[in-house]
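The values are calculated or read from the model by the stated rules, or taken from the named source; none is laboratory data. Keep in mind that this is a model prediction, so the values were computed, not measured. Please note: Cβ atoms are built from the backbone with ideal geometry, for glycine as well, and neighbour counts cover all protein chains shown. The accessibility values were calculated without ligands, DNA or RNA, using every heavy atom of the protein model including side chains. Shrake-Rupley method; radii C 1.70, N 1.55, O 1.52, S 1.80 Å.
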Amino acid sequence: MADEQMPPVDVKATLSEADALTSPVASVINPDDQVPAGQVSGLTDLLKLTNSIYIQDSTYGKQLYFRGMTDQDMRILINGAPIGQMGKYYALAYGWQTIPLENIERIEVIRGAGSVEYGNTLVGTINIITKKGGKDIRSTASVNYGTFNDFKADATNSGTVGKFNWAVGGAYRHRDEYLHNNDIDQYNVSGSVGVDMADAGNLQLTGFASKKDEGFALDDRVNWTVWSDANDLADGSEYHLETNSAIASYTSSWFDATASYTQQKRDDDYRKDSWASGDTYDYTIDYRTPSVSAKLHHTFGKHSLKFGGEYTYGDAKAEWTYYGDPVIEKLHFQQDLAGIYAEDSWQVLEKLNFTLGVRYDYFKNKLTTEGADPNTDTEIDDDSFSPRASLTYDLPSNWQAFAYAGHVFKAPTMGDLYRWYGSYELISFAGRAVLRAYYGIQQPAGAPKSLIPQQYIDSWQSMIGQLKPAKGWDYELGVRRMGKDHAIQVNLFYQDIDDYINVYPVSYPPTYNVDNVKIYGVELTGVYTYNRYLEIEAIYTLMGNKVENDKIIQKIYGKDELFNAPDQVLNLTLRSRPLDDLLIEWQTQFISSRFAGGAPGVPPQVAAANPKYEPMYELDPYWLHNIRASYTVHMGGTDVTFSAAVENIFDEDCYVRLDYPLPGTLVYGGVKFAF
């Protein structure tokens, strides 16, 4: 058997032993392990290679799905600092593409609720660890080029002198359009400085900034204002996305603390040769989210204790100018999100660990609008205690069994409250369209609320009800084994969630609680190194879900399942190292069919009146195949790595994008210098 080091299946190599035991279902992604050529240009390109994750792209950005639930249902941290999440607002839930890839050391993915340290999540936590300088001074520079003039360049420098370390980097990407007008320009810069204060701990300051311009594809299929008179926006229509973040982290043998501040600005710039009533033509948002967290941790004999807390404040201001109306609608979103926790990881026996913890969460969301009809001032709040426990037991022959049970709590995002209110009060164009489809009212989809008979409005508001947080239970059971030439993990999961917040798949969609969602399945994860010519890495998820009492979806579609939740997800990599410096990989991903609800977001009764929208209620399954290779030449103190990739080898015509199939087979090449 070969001696090559295998990718880790669990996280004991990167988390503390206590953290690994309290997070029994976890994995780590290292960006530097990936072949640099190809479309690995953002976080989602890495995350889709692991766990039960798949990506749904669209004109408005990428959405990540995890065990059938969206990125709204998970928690995102950077260096352990909680990052505020606006939630799905104007079809984009989180700006994954705004975190510079060249600044990432690793990504820790914890499936399920995990330790009580991780709160405000239903399905998992993603902790993004940024780079800091190593003991040697090192620089890199790389250039990649591919189909559609997809050009990427980046450079980094890092190192340590005495007690101080640093890591800086920058990147640029440009891609021509493969749909009419969907070209991309993006700039990233990042930096980190730190000081090692010996027994007094470590202090690290990290900052990054990203600016992205991407054009709106000009076609009826991706025109999300499908019920208006806006047809075929003009060339140059695009959205601008900017993110600026700063994070301060302090770690020591007994106390950790973080403080972070992130600002995200988005400006949608629609252009049209002539404007008509119904056109939506200006939209901006400025979202700021500071956060703080602190944790005391220490080991006393057989007990590893944690006590901590966190607070995140979200503040967003948005403006709409729409329907040809000179009135500017101003929106102000605010959120307080706080949690405290205590946990004891107890090594009961040499082979048995028992972890018990409890967490308390509180949230308050507030929405204020001006210029709307009517003006709004509404808020919601709630709290919850969440106990969680896990067991791990070391079995013979390097096997380990684990079990987990915990209460979960997920506050509505600020975007949830906005969408709920707009649909409840029937301000939302899409909300009125869905109402008319639901009750079979023969009126234009976006006709004014005043035309809807009052009995239908009363019935609609009674059905949607008031917005509440999701609460429920998460269970995990599994076994895993680590060996010299292999690693394997099998785990069963089951989640029982009350008041799950469902988001109807349209722009500005109806958002409401459904009585209950059950999600269940099995995950198989394995790595096996046969010899240097063949290494197999596979992650397979078989899952299902059941939605109870979603009256809207059950009546309109006759379905009782979540949107975009496939039954099967497979990520498979065949890896070969025929020479010491040559790496060849065959990567494949299978996604089974999934309920799409009439992509790109048209209720069936509305789409029936306009066949050109060709709604897709069920997206077909697909297999994607990519091949990548890299070869490194050592020239004195400089390593030169040549890489190449062919993606979508068999020209699969699949809907990774919600609104358009993939652009065909893509070819890339690149070179990277490290010195």
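If I filter the range 177-193 down to residues being over 25 Å from the mean Cα position of the chain (by Cα) and at pLDDT below 95, which single residue comes out as least open to solvent (accessible area, probe 1.4 Å)?
This residue is Asn181.
For the range 461-469, state whether one or more residues are closer than 24 Å to Gly68 by Cβ, open to solvent by 30 Å² or more (accessible area, probe 1.4 Å), in contact with a Pro (Cβ under 8 Å, 6 or more places away or on another chain) and not in a strand (DSSP E or B).
yes
Hey, can you tell me all the residues within the range 361-380 that are in contact with a strand residue (DSSP E or B) (Cβ under 7 Å, 6 or more places away or on another chain) and not in a strand (DSSP E or B)?
Residues satisfying the conditions are Gly371, Ala372, Asn375.
Can you tell me which residue among Gly133, Gly162 is of a type in the set (Gly, Ala, Ser) and open to solvent by 40 Å² or more (accessible area, probe 1.4 Å)?
Gly162
Between Phe409, Phe385, which is farther than 20 Å from Tyr287 by Cα and buried (at least 16 other Cβ atoms within 10 Å of the Cβ)?
Phe409
If I ask for residues that are in contact (Cβ under 8 Å) with a residue 12 or more places away in the chain and either within 27 Å of Gly415 (Cα to Cα) or of a type in the set (A, V, I, L, M, F, W, C) (or both), which ones from the range 291-307 would you list?
Listed by number, the residues that qualify are Ser291, Val292, Ser293, Ala294, Leu296, Leu305, Phe307.
Taking the residues in the range 272-305 that are aromatic (Phe, Trp, Tyr) and closer than 29 Å to Gln334 by Cα as candidates, determine which candidate is modelled with the highest pLDDT.
Tyr287
Here is a check on your reading of the model: is Val116 β-branched (Val, Ile, Thr) and assigned to a loop (DSSP other than H, G, I, E, B)?
Against the criterion (β-branched (Val, Ile, Thr) and assigned to a loop (DSSP other than H, G, I, E, B)), Val116 qualifies.
Answer yes if at least one residue in the range 308-325 is over 22 Å from Lys410 (Cα atoms), of a type outside the set (Phe, Trp, Tyr), modelled with pLDDT under 95 and not in a strand (DSSP E or B), and no otherwise.
Scanning the range 308-325 turns up at least one residue that is over 22 Å from Lys410 (Cα atoms), of a type outside the set (Phe, Trp, Tyr), modelled with pLDDT under 95 and not in a strand (DSSP E or B).
Testing Leu451 on (1) under 27 Å from the mean Cα position of the chain (by Cα); (2) closer than 27 Å to Ser428 by Cα, one condition comes back false. Which one is that?
(1)
Quick one: is Tyr500 on the phi < 0 side of the Ramachandran plot, of a type outside the set (A, V, I, L, M, F, W, C) and under 22 Å from the mean Cα position of the chain (by Cα)?
Answer is yes for this residue.
Looking at (1) surrounded by fewer than 18 Cβ atoms within 10 Å (Cβ to Cβ); (2) closer than 24 Å to Lys295 by Cα; (3) hydrophobic (A, V, I, L, M, F, W, C), which one does Ala403 not meet, given that it meets all the others?
It fails just one condition, (2).
Only one of Tyr500, Tyr504, Tyr520 is open to solvent by 60 Å² or more (accessible area, probe 1.4 Å) and of a type in the set (Phe, Trp, Tyr); which?
Tyr520
Which numbered condition in (1) in contact (Cβ under 8 Å) with a residue 24 or more places away in the chain; (2) open to solvent by 50 Å² or more (accessible area, probe 1.4 Å) is the only one that Gly544 fails?
(2)
Here is a yes/no grid of residues against (1) open to solvent by 10 Å² or more (accessible area, probe 1.4 Å); (2) more than 28 Å from Ala389 (Cα to Cα); (3) touching a Pro at 6+ places or on another chain (Cβ under 7 Å):
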{"position": "Asp485", "(1), (2), (3)": "yes, yes, no"}
{"position": "Leu492", "(1), (2), (3)": "yes, no, no"}
{"position": "Gln495", "(1), (2), (3)": "no, no, no"}
{"position": "Pro510", "(1), (2), (3)": "no, yes, no"}
{"position": "Lys555", "(1), (2), (3)": "yes, yes, no"}
{"position": "Glu561", "(1), (2), (3)": "yes, yes, no"}
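Write out, first by first residue and then by second, each pair whose Cβ atoms fall under 6 Å of each other, whose residues are 6+ apart or on separate chains, and whose first residue, in the range 156-182, is closer than 16 Å to Leu203 by Cβ while the second is in a strand (DSSP E or B).
So the pair list comes out as Lys163/Val195; Lys163/Asp196; Phe164/Val195; Asn165/Gly194; Trp166/Val193; Ala167/Ser158; Ala167/Ser192.
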